[in-house]
Amino acid sequence: MEGRRDRAVDSVPLSLPGLTANTPPHKPSWASVLSVWLPALVILAGIALRITLLGVDMRLHPDEALFAAQARLASHGGDVLLRETDLDKPPLTIYTTALSFRLLGTSEFAARLPNTLFSVLSLAVLYALAHALYTDRSVATLATVLWALSPYDLAFAATVFTDVQATFWVLVGALFAARDRWWAAGFALGLVFASKTNGMVFLPLVLALGIARHARHDWRVWDVVRRVRNLLIPLVMVIGTVTLWDAARHPRSYWDLNVARNNPGRLVRAAELWPRLDDWAHWLHYMTGSAVVNVALLAGGGLWLVWGLRTRKRGTALDWLLAGFGVAFMGWYWLVALNTYDRYLHTLTPFALVLAAQIVWGVASTLGDRLPGSQSVVQIGVVGLVVVLMLPGIMPVLRGEAEIGGDQHQHDGIDALAEYLNTELSGAVIYDHWLGWELAYYLGESSRVTLVYMPLPEALADDVAAQSAIRYFVAPSEQHAAPWIAELERRNIAVTTIYTAEFVVYQIGLGTTTSTHLYSG
């Protein structure tokens, strides 16, 4: 009886106000279709650009070569704890590259592939983060467009730097915090620590964004404390795991070397203020790659933030958090005597572009309300103008000629140099001052020569004078080598040029100075 009654109910035509059994199926509007497909198309375009970058013929930057060499040590299981290398970074990105080497073999392509994949994934994460913060698909789509076309991420996508993976995990942590999932956010931030310790500077931003996104008038102090606690527990667990890993490497510690290399221990001096500001402004330009867009965003962004103070909307609070953190971040890196490396701004860039998307779309919507014609036409016109202005900035990146990112062709030919040393000078001692990390990588895991670092020309001359055997000296160019050769000549040490391609190799030993070109690539 129960089954028949259920079937009888199921057979009754559904009749509700505004809905009858004869209602035709709902057809999605163009707007709803675009809201789904447009972000997907943007992400696909971003993927295509990043895959293209894997095909750029360029050698590894010195720091990339160091990280790749460390991953090569771990990939074969011979030095899993990386005790034999000067490691100043936590291990996660090194192990990711090692896994790529294990699966694909040791190559530049395999070294760069992991970061390329993380850069691709960051497109989807950024879209989800922008939507979670502002609950506006248009803002989220525009933020993804800006990130997909940003010369900053494109320049670093196909590299081996640790910053790309750290940026990805910071975005994941911010996304989970924006969705009120604090355990997952804490674990993601733990992976930031395991990728690049300096990335933890974004912890306050992740906390602030998550709390601002969900704060309500009826919250008490415990509501905030509980969220902070739920974030810190998994974060501390991951930090503890990395600390135990580092302790297993005793007496070597990546943390000690990181502090020694990266802690300046002072503020900037007066004479450094303008040069450092100029350096950071130069790198900031590449967030969009367009001077027009950057100036418009700075001017319009300031007005947008001030105008937003007239309301007490959640979006305004998020705008001010992003802007305030960006200013504090840049102030720290300007006034503390840290290195002005371009990659230090990589993790800040996606958050700056989310704010830029909010500003651009807000201004476009305001103009659409006040100008004659369709609001959507005005909005599309403003966004289209931004995209067109950004496109020229990505072309140098796609050719490997941008001033940021990888090696910019500075070490083209170092693979040929390494092959020459391994084949023609097998068993020799090679003195070097400039090329250590990258040359060591290209010489391979089973190098047939011994590299010896020389800090000064005098040290080189002293060491050669104390030897009875012929030695060799490698330099990026004759101009770089000139003061070193002059010191050898002053000591009456023979110098013979034996290799002159993109680099130069000298044979050195006691005797009369000569200059005979035996090889030119």
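All of the numbers you see were taken from the coordinates with simple rules; none came from a lab. Remember, it's a predicted structure, so these values are computed and weren't measured experimentally. All Cβ positions, glycine included, derive from the backbone under ideal geometry; neighbour counts span all protein chains shown.
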For this session: Compute the relative contact order of the chain as a whole-number percentage, counting only Cα pairs closer than 8 Å that sit 6 or more residues apart in sequence.
Result: 15 percent
Exercise. Once the Cβ-Cβ distance between residue 41 and residue 236 is put in as r, and R0 is 35 Å, what FRET efficiency do you end up with, to the nearest 0.05?
Worked result: 0.30
Seminar exercise, completed: With a Förster distance of 25 angstrom and the Cβ-Cβ distance between residue 492 and residue 468, calculated FRET efficiency to the nearest 0.05 equals 0.95
Exercise. Using +1 on the beta carbon of Lys and Arg, -1 on that of Asp and Glu, and nothing else charged, what's the dipole of the stretch 193-279 about the Cα centre, debye to 20?
Worked result: 220 debye
Problem set entry | Packing-based ranking, highest mean first, of 425-435, 211-221 given that Cβ atoms within 10 Å are counted | 425-435, 211-221
For this session: Please give, to one decimal in nm, the separation of the simple spin-label points placed at residue 387 and residue 221, each 7 Å out from Cα toward the Cβ.
Result: 5.1 nm
Exercise. Once label points are set 7 Å from the Cα along Cα→Cβ at both residue 83 and residue 408, what is their separation, rounded to one decimal in nm?
Worked result: 4.0 nm
For this session: Could you list the residues of the stretch 67-93 with an amide nitrogen less than 16 Å from a label point located 7 Å from the Cα of residue 452 in the Cα-to-C-beta direction?
Result: none
For this session: Sort the following peptides by mean Cβ neighbour count (other Cβ atoms within 10 Å, averaged over residues), highest first: 315-321, 223-229.
Result: 315-321, 223-229
For this session: Treat every Asp and Glu Cβ in the chain as -1 and every Lys and Arg Cβ as +1, leave all other atoms uncharged, and give the resulting dipole magnitude about the Cα centre to the nearest 20 debye.
Result: 2740 debye
For this session: Have a look at 115, 329, 187 and report the one farthest towards the positive end of the charge dipole of the stretch 34-397, computed about the Cα centre with Cβ charges (Lys/Arg +1, Asp/Glu -1).
Result: 187
Seminar exercise, completed: Against the 2.2 N^0.38 Å rule of thumb, the C-alpha Rg of the chain sits at a ratio of 1.20
Seminar exercise, completed: Output ordering of 234-243, 137-146, 410-419 (per-residue mean of other Cβ within 10 Å, highest first) is 137-146, 410-419, 234-243
Exercise. So, with +1 on the Cβ of K and R and -1 on the Cβ of D and E, and no other charges, what is the size of the charge dipole of the stretch 414-510 about its Cα centre, to the nearest 20 debye?
Worked result: 280 debye
Exercise. Projected onto the charge dipole of the stretch 374-492 (+1 at Lys/Arg Cβ, -1 at Asp/Glu Cβ, origin at the Cα centre), which of 390, 440, 481 gives the Cα projection farthest towards the positive end?
Worked result: 390
Exercise. Hey, what number do you get for the chain at 222 nm if only DSSP H runs of n ≥ 4 count, each worth -39500 (n - 2.57), divided across all residues, to the nearest 500?
Worked result: -20500 deg cm²/dmol
Exercise. Any idea what the relative contact order of the stretch 414-510 is, in percent, if you count C-alpha pairs under 8 Å spaced at least 6 apart?
Worked result: 28 percent
Exercise. Rounded to the nearest 0.05, what FRET efficiency is calculated for residue 250 and residue 52 with R0 set to 60 Å and r the Cβ-Cβ distance?
Worked result: 0.85
Problem set entry | Cut-off under 5 Å, modelled amide H: who pairs with residue 504 long-range | 475, 477
